[in-house]
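Student: Can you read through this structure? Questions will come right after.
The values are calculated or read from the model by the stated rules, or taken from the named source; none is laboratory data. What you see is a predicted model, and the numbers here were worked out from it, not measured in a lab. Glycine also receives a Cβ, built like all others from the backbone with ideal geometry; neighbour counts cover every protein chain displayed. The protein model used for the area step is the full one, side chains on, heavy atoms only, and it has no ligands, DNA or RNA in it. Shrake-Rupley method; radii C 1.70, N 1.55, O 1.52, S 1.80 Å.
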Amino acid sequence: MSQRQAYDTPGTHDRQAVLPPVAAADATANFVVFEAPVHCKVEKVKVIPGAAVTGADTNTKHLNLINRGANGAGTTELANYDLTSGNDAGVAGLVLYAPAPPLAVVQGTQLALQVEKVGNGIALPPLAVVVEFSPN
């Protein structure tokens, strides 16, 4: 039995977070989007913008998935999506991370979405982040 009975049911569960809009001039920021409720395996992380985003080369943003670990101090980059020319984010969203095999984490592990400013940046609409995981 897991630490929390809600996760005793086998299969994939999900957690969702909504990030506020980001202005072009906003500095790089980290947003915690997931804290593992139990020991689990992260299967997928999807980012869904509130409106389509068109990438640009010089002034842009990068979306980086950071494993902050159980103490919240980790800095390991698991995945990234650079909103450069030709790399757009449509309203259907994009799969930012889908490791094979899934990433095993302990209860309390935090994942953050880092919105990294490059050059003068670009504005981003609110972003929904969906983390799919299965309890161990």
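Student: What FRET efficiency would be calculated for the residue pair A73, N136, taking the C-beta separation as r and a Förster radius of 30 Å, to the nearest 0.05?
Tutor: Step by step, r from the Cβ atoms, then E = 0.85.
Student: Follow-up question, since we're still on this one. Could you work out the relative contact order of the stretch 17-104? I mean the mean sequence separation of Cα pairs under 8 Å and 6+ apart, divided by the number of residues, in percent.
Tutor: 37 percent.
Student: Given a 1.4 angstrom probe, what's the average accessible area per residue across the chain, in square angstrom?
Tutor: That works out to 49 Å² for each residue.
Student: State, in angstrom, two size descriptors of the stretch 47-95 derived from its alpha carbons: Rg to one decimal place and Dmax to the nearest whole number.
Tutor: Rg then Dmax for the stretch 47-95, in Å: 12.8, 37.
Student: Let me ask something else about it. Highest first, please rank the peptides 83-96, 122-135, 26-39 by the mean number of other Cβ atoms sitting within 10 Å of their residues.
Tutor: Order by mean packing, descending: 122-135, 26-39, 83-96.
Student: Top mean-square fluctuation among P49, P20, P101, Gaussian network model of the chain, C-alpha springs under 10 Å?
Tutor: P101
Student: Give me Rg/Rg_expected for the stretch 60-136, where Rg uses Cα atoms only and Rg_expected = 2.2 N^0.38 Å with N residues.
Tutor: In units of the globular-protein estimate, the stretch 60-136 measures up at 1.19.
Student: For the chain, what is the Kirkwood estimate of the hydrodynamic radius, computed as the reciprocal of the mean inverse distance between distinct Cα atoms, to one decimal in Å?
Tutor: 15.3 Å
Student: Name the lysines eligible as straight-distance cross-link partners of K117: C-alpha to C-alpha under 19 Å, and not fewer than 8 places from it in the same chain.
Tutor: Of all the lysines, those that pass the test against K117 - Cα under 19 Å, at least 8 places apart if same chain - are K61.
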